[in-house]
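Inspection log for the structure reproduced underneath, given as structure tokens.
Values quoted throughout were computed directly from the atomic coordinates according to the rules given, and no laboratory measurement underlies them. Small disclaimer: the values here were computed from a predicted structure and weren't measured. Don't worry about glycine lacking a Cβ; one is built from the backbone with ideal geometry, like all the others, and counts go over all protein chains shown.
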Amino acid sequence: MDANQRTRANPYNMDETCRNCPALRETRTQVVHGYGDVGADFLFVGERPTPTADATGVPFVREESTQGTSLRRILERLGLCDATSPADEPALENVYLTHLTRCRHPERPPADEEVANCEPYLEAEIRMINPEILIPVGERALAELGTEYTTTPVEELALPATHASRIRGRGFELVPMIEPAEQTDEQTQTWVETFAELLATDYRQTKGRRER
């Protein structure tokens, strides 16, 4: 599976007509695959597309009028997103965005079966990008990634307790995040400061990483 970095949207050309989840086929606007820099060190994983992501095809995008902060604003503060780029085409640097599930049901979170159906997409993205840091956004993403990529007992992987902490994983480090819209100003500041400190360190691990 080769990446097409001429586009940030679905650069691995994953199936945009996926029909694996019958209930979600009826409610989605489109399949929302990953978006961003295919050579990224930082891979953010949320639970499911937001309503605006479902409309635009870009993970994590949401209406500006929504209360609370957004992931984009956090990335802008860290210098990982160009603040002048369009909302539906964020210019990300060293960042890739994706979800556990690629389709949205407007009335409920994804079922376990739907997460399992999408797992091959996520596994392929993680394998091809080979990031240094996984950022699970929200409880569901933390539970899934923590179970798969760390030896930490699942009962210890909870938010807000692990928000902005650094968890050593199997080949990756995890830095969990509370859903941005649900963060207090203090929680946002803590996460930004933690990640800024990480950026200032030699965070890259020796695991046969390809050259950027």
Report task. Mind listing the long-range amide H neighbours of ALA9? Cut-off is under 5 Å, sequence gap 5 or more, other chains count too, H placed in the peptide plane at 1.01 Å from N. Result -> GLY36
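Give, rounded to the nearest 20 debye, the magnitude of the charge dipole that region 22-199 has about its Cα centre when Lys and Arg contribute +1 at Cβ and Asp and Glu contribute -1 at Cβ.
Computed charge dipole of region 22-199: roughly 220 debye.
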Report summary line: A correct Karplus calculation of ³J(HN,Hα) over region 143-148, with 6.51 cos²θ - 1.76 cosθ + 1.60, θ = phi - 60°, whole Hz and x for Gly and Pro, returns 4, 5, 6, x, 5, 7
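If packing is taken as the average count of other Cβ atoms within 10 Å, what order do 149-162, 89-102 fall into, highest mean first? Could you put the intermediate results ahead of the total?
Working: 149-162: 14.2, 89-102: 22.4.
Per-residue Cβ counts within 10 Å, averaged per peptide and sorted highest first, yield 89-102, 149-162.
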**Report entry** Read-out Cα extents along the principal axes in Å, derived from the coordinates shown; its label in (1) 47, 44, 34; (2) 42, 40, 30; (3) 45, 40, 40
**Finding:** (3)
**Report entry** Helical contribution to [θ] at 222 nm, DSSP H n ≥ 4, -39,500 (n - 2.57), averaged over the chain, rounded to 500
**Finding:** -8500 deg cm²/dmol
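Could you tell me the relative contact order of the chain? Use alpha-carbon pairs under 8 Å, at least six residues apart, and round to a whole percent. Could you put the intermediate results ahead of the total?
Values: 362 pairs, mean separation 45.1, N = 212.
It rounds to 21 percent for the chain.
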Requested in this report: Using a cut-off of 12 Å between beta-carbons, work out the net charge of the residues near ALA91 (Lys and Arg +1, Asp and Glu -1, ALA91 not included).
Outcome: -4
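At R0 = 25 Å, how high is the FRET efficiency between ALA158 and THR27 if r is their beta carbon distance? Nearest 0.05 is fine. Numbers along the way, then the final one.
On the way: r = 29 Å, r/R0 = 1.17.
The value I calculate is 0.30.
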